[in-house]
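I'd like to ask some things about the structure below.
The values are calculated or read from the model by the stated rules, or taken from the named source; none is laboratory data. Note that the coordinates shown come from a computational prediction; the quantities given were computed from them, not determined experimentally. No Cβ is skipped: glycine too gets one built from the backbone with ideal geometry, and neighbour counts run over all protein chains shown.
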Amino acid sequence: MKKFLLTLTAVAGLTAASQAQEFGFEKGNFIVEGNFNSSNTNNKNTKEKNSTFNFNPKAGYFVTDKIAVGVDFGFGQEKNTTVNATTDVKTIKTDKNFGVGAFGRYYFLEVGSRFKTYTEVGVGYANTKAGETKVGDVKTDAVKVNGFGANAGIGANFFLTEKIAVNFAFANVISYGSAKADLDGAKASTAFNTNVNVFNNFFDNATFGLTFKF
């Protein structure tokens, strides 16, 4: 009986501690987030290889309990390698990109104690070097493209612990972008998109990462 009472006391204590634990953010918190994805394919029938990776770190500071501002970065590369079946000459095409931006985030809804939803707006600059090609020993330089963009989207954090959460960046509801090649006489291309249909199924467009709170 004594052991049973001690066990009940321990369980009750753990339950109370779990319920007392608070998940979320408050003024003065820092957050660091990161999304990373990569892929590699190798088709031995066509002698074609393709590899991609993208890394998007982000850091923010809470100016209130619900509003955070910060900066984000983007790094990425895609490389495609093919071999001519007749001449056995290898062709390598490489695209690289780098971006930097600023964002503002507002947490507007809590679903339970661990799930926090937010809306986010951001602006950013991107530099892309597209089409660097090497055929055998002959190399052709990439075309540089400079771009500017703005977006508004929604997302959520699900807290695994008090300091670590899974981040779901569901989608951009509105986005605008402008890009121009770094060539004489080049003209800018622009795009404006609205994606209200994202509310039908968030996970069609979601990206996932981790959020660390300090």
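From the residues in the range 17-36 that are part of a strand (DSSP E or B) and touching a Ser or Thr at 6+ places or on another chain (Cβ under 8 Å), which one is modelled with the lowest pLDDT?
Taking the candidates together, the pick is Asn35.
Another question, if that's okay. Just for the range 18-62: of the residues that are under 14 Å from Lys213 (Cα atoms) and of a type in the set (Val, Ile, Thr), which one is surrounded by the fewest Cβ atoms within 10 Å (Cβ to Cβ)?
Within the range 18-62, the match that is surrounded by the fewest Cβ atoms within 10 Å (Cβ to Cβ) is Val32.
Next question, about the same structure. Scanning the range 127-159 for residues that are assigned to a loop (DSSP other than H, G, I, E, B) and touching a residue at least 24 places away in the same chain (Cβ under 8 Å), which turns out nearest to Phe23 (Cα to Cα)?
Ala142
Of all the residues that make up the range 98-145, how many are among the β-branched types (Val, Ile, Thr) and at pLDDT 90 or above?
The qualifying residues number 5.
Further question: Within the range 59-67, does at least one residue satisfy the condition of being in contact with an Asp or Glu (Cβ under 8 Å, 6 or more places away or on another chain), of a type in the set (A, V, I, L, M, F, W, C) and within 24 Å of Glu120 (Cβ to Cβ)?
Among the residues of the range 59-67, at least one is in contact with an Asp or Glu (Cβ under 8 Å, 6 or more places away or on another chain), of a type in the set (A, V, I, L, M, F, W, C) and within 24 Å of Glu120 (Cβ to Cβ), which makes the answer yes.
Further, regarding this structure: State whether the residues of the range 152-170 include one that is over 20 Å from the mean Cα position of the chain (by Cα) and at pLDDT 85 or above.
There is at least one residue in the range 152-170 that is over 20 Å from the mean Cα position of the chain (by Cα) and at pLDDT 85 or above.
Which residues, counting only those in the range 109-149, are over 15 Å from the mean Cα position of the chain (by Cα) and of a type in the set (A, V, I, L, M, F, W, C)?
Matches in the range 109-149: Leu109, Val111, Phe115, Ala130, Val135, Val138, Ala142, Val143, Val145, Phe148.
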